[in-house]
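Notes for the one structure printed next.
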Amino acid sequence: MPENKLQNGHKSQIRVWCDGCYDMVHFGHANFLRQAKALGDYLIVGVHTDEEITKHKGPPVFTEEERYKMVRGIKWVDEVVEGAPYVTTLDTLDKYDCDFCVHGDDITMTADGVDTYHLVKSADRYREVQRTAGVSTTDLVGRMLLLTRNHFKQGQYEYHVAKEHSSTMGQDSSARSPYTGCSQFLPTTQKIIQFSDGKSPKPGDRIIYVAGAFDLFHVGHLEFLQKAREQGNYLIVGLHTDPVVNRYKRSNFPIMNLHERVLSVLACKYVSEVVIGAPYTVTKDLMDHFKVDIVVHGKTPIMEDENGEDPFKYPKEIGRFITVDSGNDMTTEKIVERIIRNRLEFEMRNTTKEQKEIELIKALEEHQISV
Ligand code: CTP
Ligand code: C5P
């Protein structure tokens with residue numbers, strides 16, 4: 001234990017290290033970081049470069065600059081180390097004064113099949129938390145790739161995802177890896193409580209309201225929420241239901257369902273509260289109910305409501321509507337385009353990752369049997 005952390009013989013702060021790719025950051029990553037932070041007091045996250053990820057895993061969907069920003073936006077993260085090495089060494093832990101490294105209970109290997117945590121494991125400076133089942137980049141990429149085949153039909157979503165995703169990987173569902181294989185995420189009230197701040201606005205707080213789909217929560221959303229939050233000190237995000245998003249964003253959207261979108265938005269450090277299934281039109285009732293001071297929207301086009309009306313008509317009329325420029329032109333559609341453009345590469349990356357996991361599990365099982 002480093003000297004500078006000893007005060008009267010007691011340790012003043014437990015510093016936790018986590019590293020990873022954090023590509024297409026989702027609430028599984030956020031839930032992991034929440035658990036890691038709970039093991040100590042200060043959380044440092046090392047994020048790998050594009051070059052390192054390409055070498056060991058295949059090309060990332062998001063650039064390193066985008067991934068660094070996304071991790072910084074998660075409420076449990078105290079510090080981000082850019083360009084962290086793929087294999088975690090004791091030198092890295094010491095350099096950042098960290099007591100131990102935390103990872104999910106899946107297996108991460110280098111291109112040569114070496115456990116990236118073998119050094120910290122043998123020095124007993126490794127802790128494990130349970131991976132969040134039912135969400136992974138692999139699964140999200142799978143959902144997006146399906147869109148090109150027009151298999152998505154409203155109301156038949158789960159059936160097609162399960163069936164098509166298996167065939168994408170050329171395996172039946174029984175041959176899927178328990179880590180990154182596509183399974184269903186089951187949202188619970190406990191998870192929502194764990195992700196929430198649980199704080200009401202204080203008297204005198206200036207309350208900001210924004211609304212949208214926030215599908216595949218991305219760096220454009222993050223920068224928008226940062227700008228929106230700067231307009232006041234309590235930020236409420238109204239999330240539209242899946243059928244409402246579906247009405248204005250074409251038949252394939254949303255990629256993430258309402259429950260998943262709630263957790264993604266709650267994990268953002270600028271967000272105070274989420275309305276789960278907000279009405280599309282921002283009415284007087286809604287503004288009075290939440291004591292909204294100002295309604296904020298980004299520079300993206302405002303889609304009309306079902307009656308062809310502007311959903312922000314009321315806040316505009318009473319002079320309580322502003323637009324802010326996120327300065328970022330990312331959209332959910334662009335993410336899907338990126339995936340489709342690099343479809344073969346991503347498919348190969350997913351299949352290889354899962355195949356490696358299945359082989360390792362088999363080897364471990366055989367080993368246990370023969371011991
Ligand atoms: N993680 C998790 N639950 C998930 C996904 C990731 O707990 N559903 C954890 C991983 O175990 C790891 C950290 O998040 O400790 C960072 O993961 P990352 O390196 O980005 O990669 P993956 O594990 O491959 O995540 P994904 O499959 O989603 O890309
Ligand atoms: O498109 P969606 O409904 O998810 O957008 C939610 C909010 O984020 C909207 O106010 C939108 O204008 C804003 N946004 C932004 N910059 C982006 C993407 C979204 O300001 N690049």
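The values are calculated or read from the model by the stated rules, or taken from the named source; none is laboratory data. Everything numeric here is computed off the predicted structure, so don't read it as measured data. Every residue, glycine as well, gets a Cβ built from its backbone with ideal geometry; the counts of neighbours run over all protein chains shown. These area figures cover heavy atoms from the full protein model, side chains too; ligands, DNA and RNA do not enter into them. Shrake-Rupley method; radii C 1.70, N 1.55, O 1.52, S 1.80 Å.
DSSP beta bridges fully contained in the stretch 6-129 are about 15 percent antiparallel.
Note on Asn342 and Asp205: their simple-model spin labels are 3.9 nm apart, each label 7 Å out from Cα toward Cβ. Against the empirical curve 2.2 N^0.38 Å, the C-alpha radius of gyration of the stretch 189-323 lands at a ratio of 1.00.
Computed from the C-beta positions of Lys121 and Thr300 and an R0 of 30 Å, the FRET efficiency is 0.05 to the nearest 0.05. Highest mean first, the peptides 117-127, 61-71 sorted by other C-beta atoms within 10 Å per residue fall in the order 61-71, 117-127. Potential lengthening of the chain between Thr110 and Asn307 amounts to 65.4 nm, from the contour at 0.36 nm per residue minus the alpha-carbon distance. Size estimate for the stretch 59-149 follows the Kirkwood approach: the inverse of mean 1/r over distinct Cα pairs works out to 15.5 Å.
Can you give me the % of accessible surface on the stretch 6-129 that is carbon or sulfur? Probe 1.4 Å, all protein chains present, nothing else counted. C and S atoms contribute 47 percent here.
The solvent-accessible area of Lys199, taken with every protein chain present and a 1.4 Å probe, is close to 140 Å².
The charge dipole of the stretch 322-371, taken about its Cα centre with unit charges on the Cβ atoms of Lys, Arg (+1), Asp and Glu (-1) only, comes to about 120 debye. This model, with +1 at the C-beta of Lys and Arg and -1 at the C-beta of Asp and Glu, gives the chain a dipole about its Cα centre of some 680 debye.
Once Rg and the Kirkwood radius are both taken over the C-alpha atoms of the chain, their ratio Rg/Rh works out to 0.99. Reported to the nearest whole Å, the Cα centre-to-centre distance from the stretch 113-137 to the stretch 204-260 is 32. Label-to-label distance, Thr54 versus Gln190, with points set 7 angstrom from Cα along the beta-carbon direction: 4.3 nm. Charge dipole (Cα centre; +1 on Lys/Arg Cβ, -1 on Asp/Glu Cβ; no other charges) of the stretch 6-129 amounts to roughly 440 debye. Between the residues Pro60, Ile207, Leu235, the greatest Cα displacement towards the positive end of the dipole of the chain, with unit charges on the Cβ of Lys, Arg, Asp and Glu, is found for Ile207. Inverting the pair-averaged 1/r between distinct Cα atoms of the stretch 6-129 gives 14.7 Å as its Kirkwood hydrodynamic radius. For the stretch 267-309, rounded, prolate or oblate, judged on the Cα gyration tensor with a ≥ b ≥ c (square roots of eigenvalues), a/c < 1.5 rounded, else prolate if a/b > b/c? Because a/c hits 1.5 or more and a/b fails to exceed b/c, the stretch 267-309 counts as oblate.
Annotation: the stretch 50-96 has a Kirkwood hydrodynamic radius of 12.1 angstrom, from the mean reciprocal C-alpha pair distance. A crude spin-label estimate for the pair Asp91 and Tyr42, with each label 7 Å from Cα along the Cβ direction, gives 2.2 nm. Annotation: the antiparallel percentage among DSSP beta bridges lying fully within the chain is about 10.
When the helices of the chain are scored as -39500 (n - 2.57) per DSSP H run of n ≥ 4 and the total is divided over every residue, the value at 222 nm lands at -11500 deg cm²/dmol.
Highest mobility in the GNM of the chain, judged by mean-square fluctuation with C-alpha springs under 10 Å and restricted to Asn307, Asn342, Asn350, is found for Asn307.
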